[in-house]
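The values are calculated or read from the model by the stated rules, or taken from the named source; none is laboratory data. None of these values were measured; they are calculated from a predicted model. Positions of Cβ are generated from backbone atoms using ideal geometry, with glycine treated the same way; all protein chains shown enter the neighbour counts. Side chains are part of the model used for accessible areas, which takes the heavy atoms of the whole protein and leaves out ligands, DNA and RNA. Shrake-Rupley method; radii C 1.70, N 1.55, O 1.52, S 1.80 Å.
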Amino acid sequence: MVPEELIKPTVSEGASICHAESLCQHLECLKLCGVDGEDEKRIQQSLNVVLLAIDEDKETRKPCIDAGLVLALVPLLQSSDQELLLHAGRAIGRICYDNNDLQERLVELDVLPSLVRILTDYPDNETLVRVGLLALTNLADLESAKEALSKTMVVEQLVKQLKRAENHERVEMIIEVLQMLAENEHLKMQLVDACVQETLCGILQRLQDSSQTEDMCTMKSSSDLIVSLLLGDESMQKLFEDGCGVVYQNIPSWLSSRHTLLQMTGALAIANFARNDTNCVRMVELGIVHQLLDLLEQHVENGDVSVQHAALSALRNLAIPVMNKVRMLEEGVADRIQMLLRSEMPPVQFKLLGTLRMLTDGRAETARILGQDSKLLSRLVQWCDAKDHVGVRGEANRLLASLLRHSKSQDVVKAIEQAKGVKHLVSMTTSEHAIMQNEALIALAIASAINLEVVEETFKESELVSILHKVLQDESMGPEVKYNSMGLLCSLIDSDDLRKEMEVMNLKETLEKLRTHSNSNVVKQANKVLEIIEHFSQNSDHFFP
């Protein structure tokens, strides 16, 4: 039996210290003596005093910790008495709140299986389940806890609780725990295997016509969890199920919803499903592209930037497989997507440019058509001057280069020159990114080989030869950039004026030095350019003597 003096109620700080110490002593005795009904009642009374003290003054948590109360309480979580479980769980939760060291210690003491047991053995005890959920909320963010929980049935129990949850607070609490668990790949797959996605889709369907704040919060957390499940490759593929998974089946209704939150969820789901070619081809077959375009059309004027960004990301991913490019272009995607040219939102502009570039990649006819579209070219040139968004400026330049590279069309060369786009490609050759430099160099080489006369004046005004000379002299420049620079020079030699510029800046000397370069391709290209120069010098009175 517990002496009466050990459980005399008090809420003063000094008394709460003594009370915590007394309770610890008693709990130590229980390990040796066992617990009878009267002791359980007195323990509950004593725990109530501790809880009352903590509620009135948060500083009393430290005396409880110093007294070792938490560790002494842990064994009580093995009790079959629901009232005792309730009081012990509450006390541990409140004392350990926001204390990472103690929380880690609880995981080490294997307290998590006891919390899962509460959900398993007492699923109908709403108050006790709430205490268990609160404890999991405090612990589940720890990596050690996730690892430990992956070896329990916690996911199965939480999904069961989510299915039966009727009030907003309970749903939010469970989803908060599930969101933390979904950060672990093993638990993510357990969630999918437990069909949490079906429950989440059901919640979204049930609340989709509501505008109440609480319901919107629940929709947001449910949507976020669905997207989290899609971030893992294995879980994403299982959710897709060749387009038959419940998440994919719900996408059309989300995209057509009046809630931008659900529209965003649908677009993000497509973008994540489109992480491999097989899924991309299947989704295009199922007609998802035009559903995305329908969504984008809703947001052209004063629309939601995030939704447009997500939808364009999805379209870009879908356009990666060659098979999809053909089908999407045949269905008029390139034409419909240009409606977004009016957008003044940099994130939308950025994604739009990337999507168009992906559609033209390797598609000569598309590049030829788009490369002569005066409205598109005018907008691209405008974005090439974007001062406040480096990404938009870079993507605009890359699309211009792509139109030239893939069309190889004299008409496209003329159109881009008339739109004042060639000078931007010359500037692109000085980019700090080698991939952009190479794209520009190849595009300009193609343009000059097709119709040097059209671009010659711009090349002179933008001092292209001088830029190329500097590139060849720069020892830090990569071999591929040097190689492509010399490839462009081969085309420029056909111009008397540009060839004269090469002579004035003594380009031959620089090329001679490159004959000893460590890269064999650079050496071959240098020799090739020198041979062409030698050919012209033999047939000219004043160039390259």
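Once you order the gyration tensor axes a ≥ b ≥ c over the Cα atoms, which shape class does segment 398-517 get: rounded for a/c under 1.5, otherwise prolate or oblate by comparing a/b with b/c? Oblate. Ignoring ligands, DNA and RNA, what percent of the 1.4 Å accessible area of segment 209-265 is carbon and sulfur? On segment 209-265, the fraction of accessible area on carbon and sulfur atoms equals 50 percent.
By the rule of a C-alpha distance below 26 Å, with chain neighbours fewer than 8 residues away ignored, the lysines paired with Lys151 are Lys160, Lys163, Lys188, Lys238. In this rough spin-label picture, where each label sits 7 Å from Cα along the Cβ direction, the Gln212-Ser520 distance is 7.4 nm. May I ask for the angle, rounded to the nearest 10°, between helix 154-164 and the longest principal axis of the chain, with both axes built from Cα atoms and the value confined to 0 to 90°? In the chain, helix 154-164 runs at an angle near 80 degrees to the longest axis. Sorted on the mean count of surrounding Cβ atoms within 10 Å across their residues, most packed first, peptides 105-118, 157-170, 217-230 read 217-230, 105-118, 157-170. Measuring between their Cα centroids, segment 449-472 and segment 177-225 lie 57 Å from each other.
Length gained on full extension, Asp474 to Glu285, computed as 0.36 nm times the residue gap minus the Cα-Cα distance: 63.1 nm. The residues of the chain present an accessible area of 45 Å² per residue when probed at 1.4 Å with all protein chains retained.
Ligands, DNA and RNA left out, the accessible area of segment 412-528 computed with a 1.4 Å probe is 46% carbon and sulfur. When nucleic acids and ligands are ignored and a 1.4 Å probe is applied, Asp494 ends up with an accessible area of around 110 Å². With kT/(6 pi eta Rh) evaluated at 37 °C and eta = 0.692 mPa s, and Rh the Kirkwood radius from Cα pairs, the chain diffuses with a coefficient of 115 µm²/s according to Stokes-Einstein.
In the chain, Cα pairs under 8 Å separated by at least six residues give a relative contact order of 6 percent. Extension gain for Glu147-Leu109 works out to 12.3 nm (0.36 nm per residue, less the C-alpha to C-alpha distance).
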